[in-house]
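What follows is a single structure, written as structure tokens, with notes after it.
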Amino acid sequence: MDVIICSDQDQAGARTAAKVAQVARQVGPRVVIGVATGSSPLQAYSALAGLIAAGRLDLGQASAFALDEYVGLPWGHPQSYHEAIRQTVTEPLGLDPTRVQVPNGFAPDLAQAARDYEHAIVDAGGVDIQILGVGSNGHIGFNEPTSSLSSRTRIKTLTEQTRIDNQRFFGGLEEVPRHCLTQGLGTIMDARHVVLVATGGHKARAVKAIVEGPITAMWPGSVLQLHRQATIVVDEAAAADLELAAYYRKMYDNLPDWQRLPLA
Ligand code: F6R
């Protein structure tokens, strides 16, 4: 696991974008990117849009797969992740909308929609780089505590904590759906690279648990300790509880040139 401690949210976004761009350049134009919704990756998406505007990256032929979707929100619902991905990823990054997929939380047969989603990822050749946020309870995707560490895309019940955390996007807690379709932890672990970005003091406990705690389904993101190409990008506030912070800083400052992220 590489842990990169950044001065603030903007630097975290720029370094997350740099990691995505590095993998995209290595893989080539048909790169497959796993995308997260929520607040955490927004600076990274802006930084990627900046690289594209500057002619330093082209994602016009890339494919993207979202991590999750609420159950029961119709197409075009302003709080649906379909809509969030369209507004924050597909349009600003110039992706071809026909190559961007989000789980179908409005399908009449959700179990089939989940299986179809797994097949679609495999048919695309698998995810080259997965962008992740982390919930204050350690979830990645919507894999809530006690999720199987080898789970696949499926229906999950959201915890009250997650519903409370996400009510800011809705009119109130009652409007937040209770269920979702989410890629499983096993699905996420199949991505060839993962980059998780977490900022703010409210993420410090989760960051500590997933980076330095034991691997446990109680902190689902801790499964990333088993991933061979995982990068964790945090700001100072989210890094506050890390015991080995000085070591991560020293490691990053002394990386040989060939291991450095290109400046975004
Ligand atoms: C979003 C997702 C979630 C979020 C997490 C953090 O697609 O899968 O795991 O990344 O809930 O949300 P924010 O970034 O809003 O704090």
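Residue check: is ARG205 closer than 12 Å to VAL134 by Cα and surrounded by fewer than 18 Cβ atoms within 10 Å (Cβ to Cβ)? So that I can check it myself, show each step before the final result.
Values: closer than 12 Å to VAL134 by Cα: yes; surrounded by fewer than 18 Cβ atoms within 10 Å (Cβ to Cβ): yes.
So ARG205 passes the test.
Scan the stretch 41-56 residue by residue and report those that are over 15 Å from ILE129 (Cα atoms) and open to solvent by less than 20 Å² (accessible area, probe 1.4 Å). Can you show your working first?
Kept after step one, since they are over 15 Å from ILE129 (Cα atoms), are these residues of the stretch 41-56: 42-43, 46-47, 49-56.
Hit for the stretch 41-56 is LEU51, nothing else.
Test each condition in (1) out of contact with any helix residue (DSSP H, G or I) (no Cβ under 7 Å at 6 or more places or on another chain); (2) surrounded by 14 or more Cβ atoms within 10 Å (Cβ to Cβ); (3) among the polar types (S, T, N, Q) for GLN112 and report the one that comes out false.
With (1) out of contact with any helix residue (DSSP H, G or I) (no Cβ under 7 Å at 6 or more places or on another chain); (2) surrounded by 14 or more Cβ atoms within 10 Å (Cβ to Cβ); (3) among the polar types (S, T, N, Q) applied to GLN112, the lone miss is (2).
Pairs only if they're at least six apart or on different chains, beta carbon under 7 angstrom, first in the stretch 23-47 and away from the ligand (no atom under 16 Å from the Cβ), second among the charged types (D, E, K, R); list them, first residue then second.
Pairs that qualify, where the first residue is away from the ligand (no atom under 16 Å from the Cβ) and the partner is among the charged types (D, E, K, R), are VAL23/ASP128; VAL27/ASP128; PRO29/ASP58; VAL31/ASP128; VAL32/ASP128.
Which of (1) under 25 Å from ALA217 (Cα atoms); (2) surrounded by fewer than 22 Cβ atoms within 10 Å (Cβ to Cβ); (3) touching a residue at least 24 places away in the same chain (Cβ under 8 Å) is the odd one out, the single condition ALA124 does not satisfy?
(1)
Among the residues of the stretch 118-147, write down those that are within 19 Å of ARG30 (Cα to Cα) and either within 16 Å of the ligand (Cβ to nearest atom) or part of a loop (DSSP other than H, G, I, E, B) (or both).
Of everything in the stretch 118-147, those that are within 19 Å of ARG30 (Cα to Cα) and either within 16 Å of the ligand (Cβ to nearest atom) or part of a loop (DSSP other than H, G, I, E, B) (or both) turn out to be ILE121, ALA124, GLY125, GLY126, VAL127, ASP128, ILE129, GLN130, ILE131.
Which of the numbered conditions does SER151 fail, given that it passes all the others? Conditions: (1) closer than 21 Å to GLN130 by Cα; (2) of a type in the set (Ser, Thr, Tyr); (3) surrounded by fewer than 20 Cβ atoms within 10 Å (Cβ to Cβ); (4) within 15 Å of the ligand (Cβ to nearest atom).
The number of the failed condition is (3).
For the stretch 192-202, which residues satisfy the criterion of being surrounded by 14 or more Cβ atoms within 10 Å (Cβ to Cβ) and within 11 Å of the ligand (Cβ to nearest atom)? Don't jump to the end; show me each part of the working.
Within the stretch 192-202, the subset surrounded by 14 or more Cβ atoms within 10 Å (Cβ to Cβ) is 192-200.
Selection gives LEU196, VAL197, ALA198, THR199, GLY200.
Please work out which one of (1) in contact with a Gly (Cβ under 7 Å, 6 or more places away or on another chain); (2) open to solvent by 30 Å² or more (accessible area, probe 1.4 Å); (3) within 16 Å of the ligand (Cβ to nearest atom) is the condition ASP96 fails and give its number.
(3)
Being more than 14 Å from the ligand (Cβ to nearest atom) and either under 26 Å from ARG25 (Cβ atoms) or open to solvent by 30 Å² or more (accessible area, probe 1.4 Å) (or both): is that true of GLN87 here?
Numbers: more than 14 Å from the ligand (Cβ to nearest atom): no; either under 26 Å from ARG25 (Cβ atoms) or open to solvent by 30 Å² or more (accessible area, probe 1.4 Å) (or both): yes.
No: the conditions fail for GLN87.
With LEU67, LEU57, LEU51 as the choices, which residue is within 16 Å of the ligand (Cβ to nearest atom) and at pLDDT 95 or above? Working first, answer last.
Working: LEU57 fails: within 16 Å of the ligand (Cβ to nearest atom); LEU51 fails: within 16 Å of the ligand (Cβ to nearest atom).
So the residue among LEU67, LEU57, LEU51 that is within 16 Å of the ligand (Cβ to nearest atom) and at pLDDT 95 or above is LEU67.
Just name the residue that is nearest to the ligand (Cβ to nearest atom) out of those in the stretch 157-191 that are farther than 12 Å from GLU118 by Cα and touching an Asp or Glu at 6+ places or on another chain (Cβ under 6 Å).
That would be CYS180.
Can you name the residue in the stretch 3-24 that is within 16 Å of the chain's Cα centre (by Cα) and among the charged types (D, E, K, R) and is also least open to solvent (accessible area, probe 1.4 Å) among such residues?
The selected residue is LYS19.
The values are calculated or read from the model by the stated rules, or taken from the named source; none is laboratory data. Everything numeric here is computed off the predicted structure, so don't read it as measured data. Virtual Cβ from ideal backbone geometry, glycine too; neighbours counted across all protein chains shown. Ligands, DNA and RNA are stripped out before the accessible areas are found, and what is left, the full protein with its side chains, is counted by its heavy atoms. Shrake-Rupley method; radii C 1.70, N 1.55, O 1.52, S 1.80 Å.
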